[in-house]
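Undergrad: Below you will find the structure I want to go over with you.
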Amino acid sequence: MSRHVVATVGEIAPGTCKIVTVKGREIGVFHVDDEYYALINRCPHEGAPLCKGALISRFEADRPGEYRLTQRGRMLRCPWHCWEFDIATGQSWCDPDSVRARTYNVTVEPGETLAKGPFAAETVPVSVEENYIVLEV
C-alpha cells in the first residue's frame, strides 16, 4: 500500500468530510469525535457520490416504540436512495450481509516523520508546524 498526505488536521472540521482524489479514486475523509475515517466516494448500491450524503446517528430498538440513538454522527446516508453505511467499517445497514462500502486506513502523523530521510544530499533544518492526515491506499 502507498501512503498519501491528503490534508492537515485543521482542514477538516469536526463532523465534516473532505473529498480527495488519490490514484484516480475519489475518497471522502471524515472527522468525527477526534477520529478520522475514509470511504470510497461511490455507493455500492447504485454508484451515487456516497460521501456527499449526511452523517447521521443509528436508530436501535429492542421493541416497537422504544428506540435509542447510537453511533452518533458515524452513519453515512447515501444522497440518492438513503442507504446507510457505518463510516468505520463501510457496512450497509440496508443489506448488511452482502453490501459494504470500501474503507481506507487513516492515521494522523507529525509532519516531521514525513519529512525525515535518510538523505545523501546536504540537508537544511526543517520545522513542521502542523500534523498531517495520511491516507493509505
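Undergrad: Among the residues of the stretch 70-91, what is the count of those that are touching a Lys or Arg at 6+ places or on another chain (Cβ under 7 Å) and either of a type in the set (A, V, I, L, M, F, W, C) or modelled with pLDDT of 95 or more (or both)?
TA: We begin by selecting, within the stretch 70-91, every residue touching a Lys or Arg at 6+ places or on another chain (Cβ under 7 Å); these are 70-71, 75, 79, 84, 86-88, 90-91.
Narrowing the set further to residues that are either of a type in the set (A, V, I, L, M, F, W, C) or modelled with pLDDT of 95 or more (or both) leaves 75, 79, 87-88.
Summing the residues that are touching a Lys or Arg at 6+ places or on another chain (Cβ under 7 Å) and either of a type in the set (A, V, I, L, M, F, W, C) or modelled with pLDDT of 95 or more (or both) in the stretch 70-91 gives 4.
Undergrad: Can you name the residue in the stretch 53-108 that is without any contact (Cβ under 8 Å) to a residue 24 or more places away in the chain and hydroxyl-bearing (Ser, Thr, Tyr) and, of all such residues, is nearest to residue 5 (Cα to Cα)?
TA: Of everything passing the filter in the stretch 53-108, 89 is nearest to residue 5 (Cα to Cα).
Undergrad: Conditions: (1) of a type in the set (Lys, Arg); (2) in contact with a Phe, Trp or Tyr (Cβ under 9 Å, 6 or more places away or on another chain); (3) surrounded by 13 or more Cβ atoms within 10 Å (Cβ to Cβ). Residue 68 meets all but one. Number of the miss?
TA: (3)
Undergrad: Here's another thing I want to ask about it. Search the stretch 1-20 for residues being closer than 13 Å to residue 135 by Cβ and part of a loop (DSSP other than H, G, I, E, B), and hand back the single one that is modelled with the highest pLDDT.
TA: The selected residue is 12.
Undergrad: Of a type in the set (Ser, Thr, Tyr) and assigned to a loop (DSSP other than H, G, I, E, B): does that describe residue 57?
TA: In short, no.
Undergrad: Of everything in the stretch 21-32, what is within 14 Å of residue 133 (Cα to Cα) and touching a His at 6+ places or on another chain (Cβ under 9 Å)? Give them in sequence order.
TA: 22
Undergrad: Step by step: first the residues of the stretch 71-98, then only those that are of a type in the set (Phe, Trp, Tyr) and not in a strand (DSSP E or B), then the one that is surrounded by the most Cβ atoms within 10 Å (Cβ to Cβ). Which residue is that? Before you say what the answer is, go through the steps one by one.
TA: Restricting attention to the stretch 71-98, the residues satisfying the condition of being of a type in the set (Phe, Trp, Tyr) are 80, 83, 85, 93.
From what's left, not in a strand (DSSP E or B): 80, 83, 93.
On the way: 80: 15, 83: 22, 93: 15.
Only one residue tops the list, namely 83.
Undergrad: Of the conditions (1) of a type outside the set (Ser, Thr, Tyr); (2) in a strand (DSSP E or B); (3) surrounded by 13 or more Cβ atoms within 10 Å (Cβ to Cβ), residue 45 fails just one. Which one is it?
TA: Residue 45 satisfies every listed condition except (2).
Undergrad: If you don't mind, there's one more thing I want to ask. Specify the residue that is nearest to the chain's Cα centre (by Cα); the eligible residues are those in the stretch 100-137 that are at pLDDT 90 or above and part of a loop (DSSP other than H, G, I, E, B). Spell out how you get there, then give the answer.
TA: Step one: list which residues in the stretch 100-137 are at pLDDT 90 or above, which gives 100-108.
Subset that is part of a loop (DSSP other than H, G, I, E, B): 101-102, 105.
Values: 101: 11, 102: 10, 105: 8 Å.
Taking the candidates together, the pick is 105.
The values are calculated or read from the model by the stated rules, or taken from the named source; none is laboratory data. Because the structure is predicted, anything quoted here is derived from the model rather than measured. All Cβ positions, glycine included, derive from the backbone under ideal geometry; neighbour counts span all protein chains shown.
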